[in-house]
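Here's the structure, in structure tokens; my notes come after.
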Amino acid sequence: MQLMTSTMEIPRPATFDPDLPLVEASQRGDVSAFEELVRRYDRKLLRIAINVTHNPDDAEEAVQDAFFKAYRNLDRFRGDAKFSTWLFRIAVNESLMKLRKQRGAKEMALAEQCLNIDDSESGREIEATVADWAPDPEARYSATEFRQILIGSLQKLSPALRVVFVLRDMEEHSISQTAEFLNLTENAVKSRLSRARAGLRQDLSRYFKKAD
């Protein structure tokens with residue numbers, strides 16, 4: 001695989017990116033430098049891909065495709081954002097593509113509509129209808145059972161809401177980081193996160209609501 005090289009130095013972002021030396025070496029054709037970047041982010045991206053697709057094979061393929069696309073397009077990376085942000089965006093897009101293929105052509109149009117939902121809504125109406133949970137709902141189920149229940153509920157969320165919940169609440173990225181990964185405003189992320197939490201809470205309430 002032939003990389004395009006450039007003698008121009010990558011502009012430094014306001015916050016120094018620790019990946020830049022490896023990126024610059026990779027752009028000069030140093031394959032081992034890119035392999036180090038793969039080692040840094042492989043597991044992180046795989047966790048996100050699995051939580052988005054809920055299919056190990058699709059998740060692995062999404063991550064492989066993401067690294068391949070990043071490597072092939074390294075000459076386009078200019079350092080305006082951190083390399084990790086750029087890479088995460090690619091991986092999230094690849095994971096969403098796998099998810100849409102899972103759902104089939106019939107649901108693709110609906111998925112696209114969900115990605116353009118009205119972020120002006122706060123979701124308070126949904127939250128107001130949710131039943132109160134028991135103080136310690138996890139105590140009713142084993143860790144494995146609880147995870148399967150959560151996965152089932154996550155699968156009911158639209159792709160737009162699921163990926164925000166995965167990045168913010170499961171991977172614990174900040175609101176600003178999640179916004180960067182998804183190329184959204186922070187307000188849009190907050191709105192979608194509110195909707196995702198409300199939707200999950202509503203679905204999970206049948207398992208965890210307080211007994212009468």
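The values are calculated or read from the model by the stated rules, or taken from the named source; none is laboratory data. This one's a predicted model, so the numbers in the text were calculated from it and none came from an experiment. So basically every Cβ, Gly included, is an ideal-geometry build from the backbone, and we count neighbours across all protein chains shown.
Can you confirm whether region 179-194 contains a residue that is farther than 24 Å from ARG43 by Cα, surrounded by 14 or more Cβ atoms within 10 Å (Cβ to Cβ) and modelled with pLDDT under 65? The answer is no, given that none of the residues of region 179-194 is farther than 24 Å from ARG43 by Cα, surrounded by 14 or more Cβ atoms within 10 Å (Cβ to Cβ) and modelled with pLDDT under 65.
Which one is modelled with the lowest pLDDT among residues in region 14-33 that are under 16 Å from LYS82 (Cβ atoms) and surrounded by 15 or more Cβ atoms within 10 Å (Cβ to Cβ)? Only one residue fits best here, namely ASP17. Suppose we keep only residues that are among the β-branched types (Val, Ile, Thr) and surrounded by 12 or more Cβ atoms within 10 Å (Cβ to Cβ) within region 126-150. Which one would you say is modelled with the highest pLDDT? So, considering only residues that are among the β-branched types (Val, Ile, Thr) and surrounded by 12 or more Cβ atoms within 10 Å (Cβ to Cβ), the one modelled with the highest pLDDT is ILE149.
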